[in-house]
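The next block holds one structure in the form of structure tokens; read it before the comments.
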Ligand SMILES: [Fe+2]
């Protein structure tokens with residue numbers, strides 16, 4: 001695990017991820033259907049719709065291209081088309097960087113595992129500030145699909161699978177945890193992904209939305 005002096009959240013200390021209660025009501029389908037997508041390959045056959053970018057432009061590249069850490073994202077022209085997604089992000093109270101909707105073509109487990117990766121979330125992020133993590137909100141209903149999370153890339157016994165029915169929400173330190181999605185549907189999977197700064201605001205939001213413990 002990367003050890004730096006960044007502000008981190010105790011809730012992620014042990015496992016590096018937390019599953020939240022599903023969003024209810026979920027995001028209306030019209031919101032992601034109306035977005036403008038760009039061809040951008042990442043962890044599969046993907047397209048991305050930028051909702052917040054480094055300068056508000058319709059681009060998918062890292063904020064470091066503009067000399068910024070992954071924070072202080074600027075809404076793009078897509079944001080006006082998805083008001084409840086925008087509100088969902090703002091409701092976290094956290095400083096956000098990249099905010100995007102991913103469109104992922106079906107890929108089975110073996111195909112997905114070829115794309116297992118960690119993210120680069122904290123380039124140029126000063127150590128006096130909060131560690132950037134990612135929040136995920138599943139838009140389409142894909143109950144047979146799942147996020148694969150592996151603290152140890154080479155140890156299958158560490159693998160956790162998060163199912164992806166509509167509205168599924170989870171937070172992952174994706175720079176620490178290896179991850180990818182096995183999408184076992186026939187239609188594309190859509191999900192909202194945002195980079196958010198760790199800190200008291202995000203921690204309070206997580207506490208408000210945590211899934212009830214299973215007995
Ligand atoms: Fe990733």
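Please enumerate the residues belonging to the range 108-129 that are within 24 Å of residue 195 (Cβ to Cβ) and more than 16 Å from the ligand (Cβ to nearest atom).
124, 125, 126, 127, 128, 129
Quick check on residue 55: is it more than 16 Å from the ligand (Cβ to nearest atom), under 22 Å from residue 181 (Cβ atoms) and part of a loop (DSSP other than H, G, I, E, B)?
Considered against the rule, which asks whether it is more than 16 Å from the ligand (Cβ to nearest atom), under 22 Å from residue 181 (Cβ atoms) and part of a loop (DSSP other than H, G, I, E, B), residue 55 comes out as no.
I'm told residue 197 meets every condition in (1) under 24 Å from residue 36 (Cα atoms); (2) surrounded by 22 or more Cβ atoms within 10 Å (Cβ to Cβ); (3) more than 14 Å from the ligand (Cβ to nearest atom) except one. Can you identify the failing condition by its number?
Among (1) under 24 Å from residue 36 (Cα atoms); (2) surrounded by 22 or more Cβ atoms within 10 Å (Cβ to Cβ); (3) more than 14 Å from the ligand (Cβ to nearest atom), residue 197 violates only (1).
Can residue 124 be described as under 21 Å from residue 60 (Cα atoms) and crowded, with 16+ Cβ neighbours inside 10 Å?
No, not satisfied.
Output the residues belonging to the range 151-178 that are closer than 13 Å to residue 15 by Cα, touching a helix residue (DSSP H, G or I) at 6+ places or on another chain (Cβ under 7 Å) and surrounded by 20 or more Cβ atoms within 10 Å (Cβ to Cβ).
Answer for the range 151-178, where residues must be closer than 13 Å to residue 15 by Cα, touching a helix residue (DSSP H, G or I) at 6+ places or on another chain (Cβ under 7 Å) and surrounded by 20 or more Cβ atoms within 10 Å (Cβ to Cβ): 171, 173.
Identify the single condition in (1) more than 16 Å from the ligand (Cβ to nearest atom); (2) outside any strand (DSSP E or B); (3) over 17 Å from residue 202 (Cα atoms) that residue 89 does not satisfy, given that it satisfies every other one.
With respect to (1) more than 16 Å from the ligand (Cβ to nearest atom); (2) outside any strand (DSSP E or B); (3) over 17 Å from residue 202 (Cα atoms), residue 89 is out only on (3).
Count, please, the residues in the range 148-163 that happen to be under 14 Å from residue 211 (Cβ atoms) and either under 12 Å from the mean Cα position of the chain (by Cα) or away from the ligand (no atom under 14 Å from the Cβ) (or both). I'd like the intermediate steps shown before the answer.
First pass over the range 148-163, keeping only residues under 14 Å from residue 211 (Cβ atoms): 160, 162-163.
With either under 12 Å from the mean Cα position of the chain (by Cα) or away from the ligand (no atom under 14 Å from the Cβ) (or both) added as a condition, the list becomes 160, 163.
Here the count works out to 2.
Across the range 170-187, what is the total count of residues that are within 12 Å of the ligand (Cβ to nearest atom) and not in a loop (DSSP other than H, G, I, E, B)?
Looking only at that region, the number is 5.
Only residues that are at positive phi and more than 16 Å from the chain's Cα centre (by Cα): list them for the range 28-64, please.
If we filter the range 28-64 for residues that are at positive phi, which is where we start, we get 43-44, 56.
Once the filter is applied, which keeps residues that are at positive phi and more than 16 Å from the chain's Cα centre (by Cα), the range 28-64 yields only 56.
Values quoted throughout were computed directly from the atomic coordinates according to the rules given, and no laboratory measurement underlies them. Just so it is clear, the structure is predicted and the values come from calculations on it, not from any experiment. Note that we place each Cβ from the backbone using ideal geometry, even for glycine, and neighbour counts take in every protein chain shown.
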